[in-house]
C-alpha cells in the first residue's frame, strides 16, 4: 500500500507541474501575440511605401531582396539558394537594389519618397 501512495503523490505532483508550465506558456504566448499585434499596427509611412514599392518589382527581384534583407542570407547562401554562382547572386542583388531605388526615385510609381535612402546590408 505505501507504494500506491508514493505513485499517487508523484502523479499529482506531475499534474500540478504540467499545469503550472502550461499556464506560463499561455501567458508568454499571449504577451508575444500582443507585442506582434502592436508592432503590426505601428507601420509607419516609410515602411508602407517600401512594401508598396516591393509589390511593383518582379518576383525574381523581390525574392532576391527579401532573401538578403529580411532573411539575412549572405551572398554565398543566396547563391546556393538560387542555384547560381556567388558572382551571379551579387549581380542579381545589385540589379534588384538598383530597380528598387529607381522605383523610389520615380514620383509616379510610389506615394512618397522614403525619408532615408536604401542602404546596402553589410555581409559578415
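The numbers here are math on the coordinates, done by the rules we state, and not lab data. Model, not experiment: these values are computed from the prediction. Because the Cβ atoms are built from the backbone with ideal geometry, glycine has one as well, and the counts that use them run over all protein chains shown.
The calculated FRET efficiency for the pair residue 83 and residue 56, based on their C-beta separation and a Förster distance of 41 Å, comes to about 0.95. Taking every alpha-carbon pair under 8 Å whose residues sit at least 6 apart, segment 45-105 reaches a relative contact order of 36 percent. At what distance in nm do the modelled label points of residue 14 and residue 26 sit from each other, each positioned 7 Å from its Cα along Cα→Cβ? A separation of 2.1 nm, rounded to one decimal place. Mean projected area of the Cα convex hull of segment 1-42, taken over all directions, amounts to 2.3 nm².
Here the mean projected area of the convex hull built on the C-alpha positions of segment 45-105 is 3.9 nm².
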